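One structure is given below, encoded as structure tokens.
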Amino acid sequence: MSGMGINRGAVPVKPGWQLTFQDEFDRPQLNDMYWYPAYRSGRKEYFKRQGVPSRWHDHNAHYVIEDSLLKLRISEELPFRPQKSVPCVSCITTSDHRFGKDTSEYQILEKFSQKYGWFEIRARCPRGSGLMSAFWLHHCDPTRQEYTPEG
């Protein structure tokens, strides 16, 4: 996966490795064959149905694609949050899930996943305090992620 349009060059050949996924962000919108433009929307929708508050008020990705660069955005206005101290997120992901009436029933929505391999990203991180940039490799099964489906 890449996205740094500047001096990108050819994908390096790595003997013994096979390229399984790459996105050059060379179209004006995200390629919906690969990406969900939101952060764990299945969990957010489940919380909403249960009347449980979520950590995120707005989990949708706010982004632009310019010159083959994906730019995730967080500004004063987006994503919406009641106070600026409320945590916010702007994210894209290759898998999501939907819970049924409770968290024991779920459907995994996968656009791309793999268990092992070489993962590479070219990115710039923002400067400033209170900011966190990450390239996460999440488990697709919502019951086996870093915290329980219930929170």
Residue, nearest to C88 (Cα to Cα), within the stretch 131-145, restricted to residues that are surrounded by 10 or more Cβ atoms within 10 Å (Cβ to Cβ) and in contact with a Pro (Cβ under 9 Å, 6 or more places away or on another chain):
P142
If you check every pair at least six apart or on different chains, which have Cβ atoms under 6 Å apart with a residue in the stretch 106-133 that is over 21 Å from A38 (Cα atoms) first and a residue that is at pLDDT 85 or above and of a type in the set (A, V, I, L, M, F, W, C) second?
W118/W17
Residue check for F80: touching an Asp or Glu at 6+ places or on another chain (Cβ under 6 Å) and of a type outside the set (A, V, I, L, M)
yes
Among what's in the stretch 70-105 and is in contact (Cβ under 8 Å) with a residue 40 or more places away in the chain and assigned to a strand (DSSP E or B), pick the residue that is farthest from F21 (Cα to Cα).
F99
Does the stretch 117-129 contain at least one residue that is at pLDDT 75 or above and among the hydroxyl-bearing types (S, T, Y)?
no
Can you give me the number of residues within the stretch 61-111 that are surrounded by 10 or more Cβ atoms within 10 Å (Cβ to Cβ) and over 28 Å from R124 (Cα atoms)?
10
When the stretch 10-30 is examined, which residues are found to be among the hydrophobic types (A, V, I, L, M, F, W, C) and under 15 Å from L69 (Cβ atoms)?
F25, L30
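The values are calculated or read from the model by the stated rules, or taken from the named source; none is laboratory data. Quick caveat: nothing in here was measured; it's all calculated off a predicted structure. All Cβ positions, even for glycine, are placed from backbone atoms using ideal geometry, and neighbour counts span all protein chains on display.
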